[in-house]
1. Which order do peptides 116-122, 207-213 fall in by mean Cβ count within 10 Å, highest first?
2. Using DSSP to call loops (not H, G, I, E or B), can you name the trypsin sites (Lys or Arg not before Pro) in region 142-185 whose Cβ has at most 11 other Cβ atoms within 10 angstrom?
3. Between Glu52 and Lys70, what length comes free when the chain is fully extended (0.36 nm per residue of separation minus the Cα-Cα distance, one decimal in nm)?
4. Roughly what would the spin-label model give for Ile92 and Leu176, points 7 Å off Cα along C-beta, in nm?
5. May I ask which of Lys70/Lys203; Lys89/Lys115; Lys72/Lys203; Lys87/Lys150; Lys78/Lys150; Lys89/Lys203 have a Cα-Cα span longer than 28 Å here?
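Every read-out reported here was derived from the displayed coordinates using simple, explicitly stated rules and does not represent laboratory data. Predicted model only: the values in this text are computed from it and were never measured. Every residue, glycine as well, gets a Cβ built from its backbone with ideal geometry; the counts of neighbours run over all protein chains shown.
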Amino acid sequence: MRKLCIVMLLFVGLGSLAGCGTTKKAHTDPALESEVRRLRLKVAELERLSEEEKQKLEEAKDEELSSLEKAKADLEQKLQKQIAEYKTKLEITERGLVITFLNEIFFDSGKDAIKTEGEEVLGQVASVLNADIPDTQVAIEGHTDNDPIKYSGWKSNWELSSARALAVLHYLIDNLSIKPERLSAVGYGEFRPVVSNDTTEGKRQNRRVEIVILPSEIKKIK
């Protein structure tokens, strides 16, 4: 942005100098002609640098996406059992690498305490986060179906989904050495379903935790 402003100012300067060409002296003044040439060369140089910076940003984006692809492949290897049982899904989207876990991996009904299987799964995720993509930001999102809370003591599905997202966040920090500044957590309750809640299977799919991995370089470029 700073270089763009400089280029614009230089164009203004060139325009001002060209305006002096209404007199005969402006056309014959060697100093003026030399200054015009210097400014034009400067503009050309800044335009070239701008293109180079754009190319570097594109290369950085490609590199980050390559890192996500590697992380996805490693996670697919580590989470074969959960993927085969249709309890886990991995996708690279415009948001980044999205890892979707059905809640049954992590939690009993109405609870926010992480089960043993969930701890093992998070251990696999953390190993990839720390080894393959250590500079990424990680968002943890909790989701529920639309059944109202009746017996578990939560005020609403907002509280339950938020508590579950935070449980995953704290486990990653406290037990798996993920830096807290990389993490965020949010609960969406029942309000972002992936399928209809009209069937038992649909509700099962909507009860989920999503871990979204988005490299910082991609965020800067966008």
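1. So the peptides 116-122, 207-213, ranked by packing, come out 207-213, 116-122.
2. Numbers: sites: Lys150, Lys155, Arg164, Arg182; in loops: Lys150, Lys155.
When the trypsin sites (Lys or Arg not before Pro) of region 142-185 are filtered for loop state and at most 11 Cβ neighbours within 10 Å, Lys150, Lys155 remain.
3. 3.8 nm
4. My value for the distance between the label points is 2.1 nm.
5. Working: Lys70/Lys203 32 Å; Lys89/Lys115 19 Å; Lys72/Lys203 26 Å; Lys87/Lys150 25 Å; Lys78/Lys150 37 Å; Lys89/Lys203 16 Å.
In this structure, Lys70/Lys203; Lys78/Lys150 lie more than 28 Å apart at Cα.
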